[in-house]
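Single-structure report; data block below.
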Amino acid sequence: MAEENIQDRRPTVIADELHIVYRVNGAKTGKGSATAALSRMIKRGEERGVRKVHAVRGVSFVAYRGEAIGLIGSNGSGKSTLLRAIAGLLPAEKGKVYTDGQPSLLGVNAALMNDLTGERNVILGGLAMGMSREQIKERYQDIVDFSGINEKGDFITLPMRTYSSGMAARLRFSIAAAKDHDVLMIDEALATGDRKFQKRSEERIRELRKEAGTVFLVSHNNKSIRDTCNRVLWLERGELRMDGPTDEVLKEYEKFTGK
Amino acid sequence: MSETTHDGTVAVTAAPSPDEGLTAAQLAAKYGLSVSGARPSLMEYVRQLWGRRHFILAFSQAKLTAQYSQAKLGQLWQVATPLLNAAVYFFIFGLILHASRGMSQDVYIPFLVTGVFVFTFTQSSIMSGVRAISGNLGLVRALHFPRASLPVSFSLQQLQQLLFSMIVLFIVAIGFGSYPGLSWLLIVPVLALQFLFNTGLALIVARMGAKTPDLAQLMPFILRTWMYTSGVMFSINTMLEGHSEWIVRVLQVNPAAVYMDLMRFALIDGYGASNLPPHVWAIALFWAVAAFVGGFVYFWKAEERYGRG
């Protein structure tokens with residue numbers, strides 16, 4: 001590897017003192033009654049009836065081209081929120097995220113409709129990710145083959161609501177993984193489907209890593225982090241607790257979780 | 001918690017590089033990184049939106065198909081729903097309330113049905129616009145696309161819905177003795193202008209609904225008030241006979257009334273130009289352009305803020 005030089009240390013994502021705050025309507029006191037809502041409206045506060053959830057608190061890091069970065073932390077520590085903020089999908093409360101190109105989140109679930117056939121969902125999902133009609137046509141067969149939906153009969157022409165949850169998850173992953181990305185973010189996508197499909201999708205993720213500049217991976221599976229990542233960010237309660245090479249951070253993390 | 005030794009963040013273990021000591025902003029500038037999720041310029045935004053035109057169309061068609069996919073009669077409901085709607089309004093306003101006021105049955109029934117369909121087009125565009133962002137937060141938080149795609153797509157869905165209703169409308173018009181003529185060609189510009197107007201309103205309420213989801217609860221009341229003052233079931237001219245001229249004019253320049261009257265003028269033989277306010281095409285054009293341009297800019301101004309809970 002002769003590429004290990006300064007040229008390679010090109011930053012692709014810079015997070016600068018990033019804060020993310022969710023606002024939840026009508027959850028301020030936990031009393032959901034109409035009178036409680038009314039009294040909140042009458043008592044003019046700064047923001048009535050709105051409860052703030054401070055999900056990410058002042059996270060800073062610089063990610064470089066060619067890095068595969070794992071995000072770990074217990075449930076609700078802000079991992080997925082951080083990914084969405086990097087992708088520019090959640091507005092920052094304070095601080096900034098700078099990125100090279102448009103980072104994309106490997107997730108297309110929300111654009112798909114259960115009442116439509118798998119076929120139309122492939123097209124809809126591809127368009128939602130910003131692919132052109134030609135690109136989709138070109139990759140359509142690959143997507144269907146990869147998902148393995150048609151291995152047990154002609155399922156792709158049936159509405160998605162008729163699929164088993166495993167089949168639906170496989171199709172979703174196949175659609176999402178069909179596009180090439182500059183900065184790619186994967187949110188526990190490895191945990192879908194049966195073992196055969198998991199192996200296939202891990203392979204596809206390694207492929208995507210090669211094409212992408214930087215990969216972020218959220219997972220609770222320390223083994224898959226160890227297998228795919230060379231750097232790990234450990235988040236706890238929205239704060240960056242540790243940032244370093246995979247082995248170092250995972251050792252501390254395992255000590256912390258008592259494993 | 002037994003972890004007392006690690007109270008802070010361990011620094012990145014990277015070899016010192018020439019970038020040492022730069023602030024994040026300077027580093028970003030040096031390598032040409034841009035702020036993630038920043039609002040693009042208006043021109044750039046229009047360009048991005050145009051780039052997503054296939055998605056917008058596919059999404060609207062998908063929504064339209066998904067609507068009736070569980071029903072036994074399937075897509076037949078696209079036509080059956082407006083037909084039943086027209087029948088209910090005819091039953092109440094034509095047979096029970098006698099709202100026709102001197103209009104002959106041949107004119108009044110197509111008059112009523114046109115009014116109901118045209119107003120429903122605006123009404124449902126606004127209703128789906130209110131929920132365009134707040135009802136699709138999952139989509140907004142998962143994928144990157146110009147957010148205006150959603151309200152535009154929902155308006156487009158309503159336009160396609162209206163085209164199905166037009167089939168019913170044509171049958172009703174012909175059934176009551178108004179045959180297709182050259183004036184029917186006017187339907188195209190009327191629909192185009194009304195679509196622009198609806199999309200503009202949908203964009204405005206989409207931004208307001210994203211900030212205040214309660215608007216979805218309030219909207220039906222506003223829309224119903226608007227419907228009853230727009231002359232859907234009665235002719236403003238005959239209803240206000242004897243009142244001063246300016247009240248009639250004010251009610252007639254109401255955009256909903258303008259588009260309904262133009263459509264009736266185009267379709268119904270017995271509904272002549274005397275029923276239209278002066279400069280009606282200019283008014284129709286003004287409402288369309290003002291709503292669309294204003295709505296688009298208003299929506300774009302908050303582009304980077306959609307998706308916050």
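The values are calculated or read from the model by the stated rules, or taken from the named source; none is laboratory data. Small disclaimer: the values here were computed from a predicted structure and weren't measured. Cβ placement follows ideal geometry from the backbone for every residue including glycine, while neighbour counts extend to all protein chains displayed. Ligands, DNA and RNA are excluded from the accessible area calculation, which covers all protein heavy atoms including side chains. Shrake-Rupley method; radii C 1.70, N 1.55, O 1.52, S 1.80 Å.
If I ask for residues that are under 18 Å from A:GLY88 (Cβ atoms) and either open to solvent by 70 Å² or more (accessible area, probe 1.4 Å) or assigned to a loop (DSSP other than H, G, I, E, B) (or both), which ones from region B:30-56 would you list? B:TYR31, B:GLY32, B:LEU33, B:SER36, B:GLY37, B:ALA38, B:ARG39, B:PRO40, B:SER41, B:ARG47, B:ARG52, listed by residue number. On the stretch given as region A:209-259, residues that are away from chain B (no Cβ under 11 Å), touching a His at 6+ places or on another chain (Cβ under 9 Å) and without any contact (Cβ under 8 Å) to a residue 60 or more places away in the chain total 2. Within region B:57-80, track down each residue that is closer than 30 Å to B:LYS301 by Cβ and open to solvent by 30 Å² or more (accessible area, probe 1.4 Å). Within region B:57-80, B:LEU57, B:GLN61, B:LYS63 meet the criteria.
Screening B:THR199 with (1) farther than 30 Å from B:LEU97 by Cα; (2) of a type outside the set (A, V, I, L, M); (3) open to solvent by 70 Å² or more (accessible area, probe 1.4 Å) gives one miss only, at (3). If you go through region A:132-158 and keep only what is crowded, with 18+ Cβ neighbours inside 10 Å and outside any helix (DSSP H, G or I), you end up with A:GLY148, A:PHE155, A:ILE156. The residues of region B:245-260 that are of a type outside the set (A, V, I, L, M) and open to solvent by less than 10 Å² (accessible area, probe 1.4 Å), listed by number, are B:GLN252, B:TYR259.
Residue count for region B:217-244 under the criterion of being open to solvent by 80 Å² or more (accessible area, probe 1.4 Å) and modelled with pLDDT of 80 or more: the result is 7. B:VAL140 meets each of the listed conditions (1) at pLDDT below 90; (2) surrounded by fewer than 17 Cβ atoms within 10 Å (Cβ to Cβ); (3) part of a helix (DSSP H, G or I) apart from (2).
Just so you know, in region A:67-87 the residues that are farther than 16 Å from B:GLY307 by Cβ and of a type in the set (S, T, N, Q) include one that is surrounded by the fewest Cβ atoms within 10 Å (Cβ to Cβ), and it is A:ASN75. Taken over region A:76-125, the residue count meeting the criterion of being among the acidic types (Asp, Glu), facing chain B (nearest Cβ under 7 Å) and more than 15 Å from A:MET185 (Cα to Cα) is 1. Looking only at region B:230-251, residues that are over 20 Å from B:ALA288 (Cβ atoms) and assigned to a helix (DSSP H, G or I) come to 8 in all.
Residue count for region B:144-180, restricted to those that are farther than 16 Å from B:ALA58 by Cα and assigned to a loop (DSSP other than H, G, I, E, B): 6.
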